[in-house]
Structure formats: structure tokens, C-alpha cells
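Here's the structure we're looking at; comments come further down.
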Amino acid sequence: MVDQNLALQEAALRAAGCDLIRSEKRSGTTTTGRAEPQTVLDFLRDGDVLMVTRIDRLARSIGDLQDIARTVRAKGASLKATEQPIDTSTAAGKAFFDILGVFAEFETNLRKERQLEGIADAKARGVYKGRKPGIDPAKIKALKAEGMGPSAIARALNIGRASVYRALEAG
């Protein structure tokens with residue numbers, strides 16, 4: 001989430017003894033496009049501890065979570081959480097880690113289902129309109145009529161060139 005306040009999480013990590021803290025304000029539902037987790041994993045060394053406040057801050061997919069845990073283990077490091085009894089260097093901590101991972105993924109799936117149900121209901125009532133178009137095809141056509149090329153139009157409107165071509169083909 002872009003509007004997350006990381007101050008509480010950073011304070012918890014400092015209180016747990018962390019001296020190097022990396023953070024990002026992105027969704028944990030996917031690892032795609034998330035540079036920080038990969039950077040942290042790349043720099044882990046034997047004996048290091050990857051500390052998080054909660055595992056749902058790291059990943060919400062059990063597959064991604066298990067991949068991260070395998071990478072941490074392969075590097076000779078361990079994973080701990082400040083707000084959950086997780087310490088992958090112990091059998092009990094590893095078991096609890098696996099259980100929480102399953103529940104985190106379950107929670108994410110429930111949230112998606114509720115969101116889709118809400119959207120379907122809003123559409124049925126005629127309330128859901130979707131996102132407002134970010135590109136005005138009339139402006140694109142007007143600039144084209146003035147003699148501007150697609151690249152110039154894209155720069156002028158701060159949009160992608162492909163969007164210019166789509167708008168011109170549609171009209």
C-alpha cells in the first residue's frame with residue numbers, strides 16, 4: 001500500500017536490535033516488481049537474521065513465502081518476526097511460520113473474493129463505473145489535426161505512444 005506509515009514497523013525493528021533496515025511501500029501480495037525483498041535476499045550472509053515485524057509484510061502467497069524461506073535457509077541465515085513467534089532456526093518457529101503463511105494467503109484470497117462480490121453488486125445496481133479514463137481521445141485527435149506526430153503528442157500529454165495510436169485507431 002502506498003499510504004503505509006512505516007514508522008511503527010521501523011521502531012519495532014530497531015527495538016529488536018536491527019541496525020540495518022530496508023523498506024518499501026508496495027503491496028505484499030506479489031513479489032513482481034518488488035526490488036527490496038530481492039535486494040535483502042541477495043545481501044544475506046551465513047549467520048544473518050532477516051527480521052520482519054510480521055510475515056504478511058514480506059509476502060502473502062505461501063509459494064512466495066516458501067521461496068523466500070528456502071533462499072534464507074540456503075544462505076545459512078534465519079528469518080524472525082518481532083510480532084509473531086517465528087524463528088526459522090528452530091523447528092517450532094518453522095512450523096509456526098508455515099501455518100501463518102497459509103493463513104496469510106487465505107486472508108488475501110478472502111479479501112479478493114469480498115472485493116469481487118462488492119464490485120459485482122455495484123455493477124448490478126448500476127453504481128460501478130470503473131476507473132475514469134486517464135486519456136482524452138479528443139485532445140489526441142486535436143493535436144493530430146494540428147499536425148503533431150504520435151511521439152510529440154505522447155510527450156505533450158505525458159502518456160505512452162501506444163495509447164496515442166490506440167486513440168487514433170479508435171476514432
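Yes/no per residue for (1) open to solvent by less than 50 Å² (accessible area, probe 1.4 Å); (2) touching a Cys at 6+ places or on another chain (Cβ under 9 Å); (3) modelled with pLDDT of 90 or more:
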{"residue": "Pro133", "(1), (2), (3)": "no, no, no"}
{"residue": "Ile140", "(1), (2), (3)": "yes, no, yes"}
{"residue": "Ala145", "(1), (2), (3)": "no, no, yes"}
{"residue": "Ala152", "(1), (2), (3)": "yes, no, yes"}
{"residue": "Arg155", "(1), (2), (3)": "no, no, yes"}
{"residue": "Tyr165", "(1), (2), (3)": "no, no, yes"}
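Look at (1) open to solvent by less than 40 Å² (accessible area, probe 1.4 Å); (2) at pLDDT below 75; (3) assigned to a loop (DSSP other than H, G, I, E, B) and you find that Cys18 fails only one, number (2).
Applying a threshold of 9 Å to beta carbon distances and a minimum spacing of six or more residues, or different chains, the list of pairs starting in the range 113-142 at a residue that is over 27 Å from Ser163 (Cβ atoms) and ending at one that is modelled with pLDDT of 90 or more reads Val127/Asp121.
Taking the criterion of being modelled with pLDDT of 85 or more and either open to solvent by less than 40 Å² (accessible area, probe 1.4 Å) or among the hydroxyl-bearing types (Ser, Thr, Tyr) (or both), the residues of the range 63-80 that qualify are Ile68, Ala69, Thr71, Val72, Gly76, Ala77, Ser78, Leu79. Which of the residues that make up the range 61-101 are over 21 Å from the mean Cα position of the chain (by Cα), under 17 Å from Asp46 (Cβ atoms) and of a type in the set (Ser, Thr, Tyr)? Ser78, Thr88, Ser89 - these are the residues of the range 61-101 that are over 21 Å from the mean Cα position of the chain (by Cα), under 17 Å from Asp46 (Cβ atoms) and of a type in the set (Ser, Thr, Tyr). Of all residues in the range 88-97, those that are within 25 Å of Leu6 (Cα to Cα) and either surrounded by fewer than 17 Cβ atoms within 10 Å (Cβ to Cβ) or touching a residue at least 40 places away in the same chain (Cβ under 8 Å) (or both) total 1.
The values are calculated or read from the model by the stated rules, or taken from the named source; none is laboratory data. What you see is a predicted model, and the numbers here were worked out from it, not measured in a lab. Cβ atoms come from the backbone with ideal geometry, glycine included; neighbour counts cover every protein chain shown. Heads up: the accessible areas ignore ligands, DNA and RNA and are worked out on the full protein's heavy atoms, side chains in. Shrake-Rupley method; radii C 1.70, N 1.55, O 1.52, S 1.80 Å.
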